[in-house]
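Only one structure is covered here, and it is reproduced in the block below.
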Amino acid sequence: MTITQSFFATPTIEYIKKLGLDKSDSNFTILLDMFMQENLSVDIRREIVSSIGRQKDNDKIYEFLSKEAFNNHYMEVIYQMFRTCLYKAKQDVKFAILRDKMLAHYQNEVMQKMFEYYEFRQNKKQVKTRQRQILKPSLLIGDNSISLNKIQEQQIQLVFTSPPYYNARLYNDYKSYQNYLDSMNNTLKQCYRILENGRFILINVSPVITKRAGREFESIRYPIHFDFHKILCESGFYFVDEIIWIKPEYSVPNRIAGYLQTKKPLSYKPNCITESIMVYRKNSPFLLDKNIKAYDKNLKNNEEVDSTNCWYIAPKSDRNHPAVFPEELCAKVLKYYSFEGDVVCDPFAGSGTFGKVAKEMGRIPLLCEQNLEYAQKLKQRGFDEI
Ligand SMILES: C[S@@+](CC[C@H](N)C(=O)[O-])C[C@H]1O[C@@H](n2cnc3c(N)ncnc32)[C@H](O)[C@@H]1O
């Protein structure tokens, strides 16, 4: 049956879809002619490509795609051509070859992602259910870039941490800033490996300043979060959000005093009342919905919601550790980025605030700490060394 529409009218999406469903030779010809018309909208042209892809004759489809896939079309239209190649690649090798040629030609990250999604869907029936390795609050003692080797891949559902500040506190001794970043990079690679596909890593950082050697020297201020973005991406995570932790002004070091005395331009140094919580997701060939659907659909956060990316929380001081998380911060992170029963990891645990709150909220914490004194205290608080 041939489905007709007035030749001069702009084809509608509905009409093109109908042509796609009815796979007669004559409809194929109409679709090809239609594609050659000028002044079609991107949506219409893309729909035509989709209907051509649904036809029976693979040779004709291939002939069309191999001619048009490298022509000057909008990327939405090219993506649709690429999708046809993805779907047909398993049945017919010439589509796989064309798919690979398109990938090489366009070097486009959307197409790369489409390819990964498609491959994942093809292989997902073969994925075995993973055995849980961590069933109770646990502790790894030593350098996390080594100790985390004990953890199998994809065992963790959330990582939240505040890494050691480069030269800002007593417990650090990095030869250079680059040496510090390299060390952080090693830890992030481990985090990527142990994190379940599609899950989140949150890193709390703020710029640090190194002490100057004397009044005649300048101190150096490092924007740590800018550099963390780079190493997070290199490790395989992608940027999702930046949450700004805002502290009361009385609680932060006073940098503005000098300026207030002199009022000289250029000497302005505002008090820093914010820290970054960098939110990244492990690159995965599926949408977040898949992670959410793995849980009981009745599990929801019914309490009050933080509707902006600014969280107002007072810092906490502790006589046992110089840089502890406020419990409220950990509770928010756990509430928004994990479910009850999840295994959550802080690779730079310090006093273990995150682990403590995680236990209270029904998660299973895995902590790492290299300082033996802190590690001993964590053991006393019920984190069993593994
Ligand atoms: C900023 S503190 C974390 C404080 C923690 N958020 C809390 O609430 O107590 C960083 C901690 O990481 C530890 N650390 C530094 N490098 C480490 C490494 N490579 N492996 C394991 N722990 C490390 C330090 O000993 C320090 O206790």
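Of note:
- Charge dipole (the stretch 177-329, unit charges on Cβ, about Cα centre) - positive-most of 308, 254, 294: 254
- Within the stretch 153-246: Cβ-based charge dipole about Cα centre, in debye rounded to nearest 20 (Lys, Arg +1; Asp, Glu -1): 300 debye
- Our summary gives the chain a relative contact order of 17 percent, counting only alpha carbon pairs under 8 angstrom and 6 or more residues apart.
- Portion, in percent, of the accessible area of the stretch 191-318 that falls on carbon or sulfur, probe 1.4 Å: 55 percent
- Most positive-pole-ward Cα, 145, 214, 181, against dipole of the stretch 142-250 from beta carbon charges: 214
- Net +/- balance of residues flanking residue 146 in space, Cβ distance below 15 Å, scoring K and R +1, D and E -1: -1
- Student exercise, the chain dipole from Lys, Arg, Asp, Glu Cβ charges, in Debye to nearest 20: 640 debye
- 20 Å Cα-Cα threshold exceeded, pairs from 136/332; 136/297; 230/359; 211/269; 175/282; 300/335: 136/332; 136/297; 230/359; 175/282
- Heavy-atom accessible area for residue 23, with the other protein chains in place and a 1.4 Å probe, reaches approximately 80 Å².
- Of all DSSP beta bridges confined to the chain, the antiparallel ones make up roughly 45%.
- Surface analysis of the stretch 292-358 yields an accessible area of 54 Å² per residue, using protein heavy atoms and a 1.4 Å probe.
- The stretch 138-385: C-alpha pair distances exceeding 28 Å, %: 34 percent
- Gain upon complete extension [residue 101, residue 209; 0.36 nm per residue less C-alpha separation]: 33.9 nm
- Projecting the Cα atoms of 21, 66, 40 onto the charge dipole of the stretch 13-126, computed from C-beta unit charges around the Cα centre, puts 21 farthest toward the positive end.
- The listed peptides 208-219, 59-70, ordered by packing as a protection proxy, come out as 59-70, 208-219 (highest mean of other Cβ atoms within 10 Å first).
- R0 of 25 Å, Cβ-Cβ distance residue 58-residue 290: FRET efficiency to nearest 0.05: 0.20
- For residue 113, the aspartates and glutamates whose Cα falls under 18 Å of its own Cα, not counting residues fewer than eight places away in the same chain, are 76, 100, 234, 289.
- Taking 0.36 nm per residue of separation and subtracting the Cα-Cα distance, full extension of the segment from residue 91 to residue 112 would add 5.5 nm.
The values are calculated or read from the model by the stated rules, or taken from the named source; none is laboratory data. Everything numeric in this text was worked out from a predicted model, so none of it was measured. Glycine also receives a Cβ, built like all others from the backbone with ideal geometry; neighbour counts cover every protein chain displayed. The area values use the complete protein model at the heavy-atom level, side chains included, leaving out ligands, DNA and RNA. Shrake-Rupley method; radii C 1.70, N 1.55, O 1.52, S 1.80 Å.
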